1. Can you pull out the residues in the stretch 56-73 that are in contact with a strand residue (DSSP E or B) (Cβ under 8 Å, 6 or more places away or on another chain), open to solvent by less than 70 Å² (accessible area, probe 1.4 Å) and without any contact (Cβ under 8 Å) to a residue 40 or more places away in the chain?
2. Sort out which residues of the stretch 74-85 are open to solvent by 90 Å² or more (accessible area, probe 1.4 Å) and either of a type in the set (Val, Ile, Thr) or more than 16 Å from residue 177 (Cβ to Cβ) (or both), and write them in order of number.
3. If you check residue 85 against the conditions, is it closer than 23 Å to residue 105 by Cβ and of a type in the set (A, V, I, L, M, F, W, C)?
4. Of the residues that make up the stretch 20-32, is at least one part of a helix (DSSP H, G or I) and either crowded, with 16+ Cβ neighbours inside 10 Å or free of Cβ contacts under 8 Å to residues at least 60 places away in the same chain (or both)?
5. Can you tell me which of (1) of a type outside the set (Phe, Trp, Tyr); (2) closer than 17 Å to residue 21 by Cβ; (3) surrounded by fewer than 17 Cβ atoms within 10 Å (Cβ to Cβ) is the one residue 151 doesn't meet?
6. Pull up the stretch 86-100, narrow it to residues that are part of a helix (DSSP H, G or I) and open to solvent by 40 Å² or more (accessible area, probe 1.4 Å), then point me to the one that is modelled with the lowest pLDDT.
7. When residue 53 is evaluated against the numbered criteria (1) of a type in the set (Lys, Arg); (2) exposed (fewer than 14 other Cβ atoms within 10 Å of the Cβ); (3) at pLDDT 95 or above, which criterion, by number, is the only one it fails?
8. Among the residues of the stretch 121-143, are any free of Cβ contacts under 8 Å to residues at least 12 places away in the same chain, open to solvent by 80 Å² or more (accessible area, probe 1.4 Å) and farther than 24 Å from residue 48 by Cα?
Amino acid sequence: KVPPVSEPPLRAGARDGVPDLTICSVVFGDKWCLDLNRELTCRLNPGREPVWRVVRNRPHQPQDRFDPAEPFEVVDGTELPEELWKLPNARSYHHAAALALASRGLSTRFVLFLDGDCFVIRRGWIASVIEHMLAKELAFFGVPYHPRQAAKLRYFPCAVWLIVDTARVNVASFDWSP
């Protein structure tokens, strides 16, 4: 458990308590990571409740059940066509289809695409990141792939933790395909 923190004043990223960040994730057998991530995010960012949109990919995994009382906007994901399951990177295509679903119809200015097992441990990170993006006029901010993954795109944020300013970029047009 993360200890509670004192509540900072609302700054960039929230207007009159209205969320200006949507966190989009995909679950396929790993909801427990997302639950921990949400708990940590709430404790480190008191008073700044983002919208949590989760795509639950098919076939649904029993450990990924959502209670209607939970503060997640759950989107029913797709089932990967049989011919794609035969590909060596089938899970990447499955994940990409879910990210495409998550990208549609967002109502907040900022959107964070987050793998449930990637955790931010800095207090007040939502306000800090959004303020930094606004000050530097950034469209993207996030983590790159590790340099040892030579086949991956280098020196650019990847979908593991990628925040996008939707006033600068149309995320619904992203092609998440591997």
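1. Passing the criteria: 56, 59, 61, 64, 66, 71, 72.
2. Result: 79, 82.
3. no
4. yes
5. Just one mismatch for residue 151, condition (2).
6. Ranking the candidates gives 91 first.
7. All conditions are met except number (2).
8. No, the stretch 121-143 contains no residue that is free of Cβ contacts under 8 Å to residues at least 12 places away in the same chain, open to solvent by 80 Å² or more (accessible area, probe 1.4 Å) and farther than 24 Å from residue 48 by Cα.
The values are calculated or read from the model by the stated rules, or taken from the named source; none is laboratory data. If you're wondering where the values come from, they're calculated on a predicted model, not measured in any experiment. Using ideal geometry, Cβ is built from the backbone for each residue, glycine included, and neighbour counts are taken over all protein chains shown. Note: accessible area is taken over every heavy atom of the protein model, side chains too, but ligands, DNA and RNA are not part of it. Shrake-Rupley method; radii C 1.70, N 1.55, O 1.52, S 1.80 Å.
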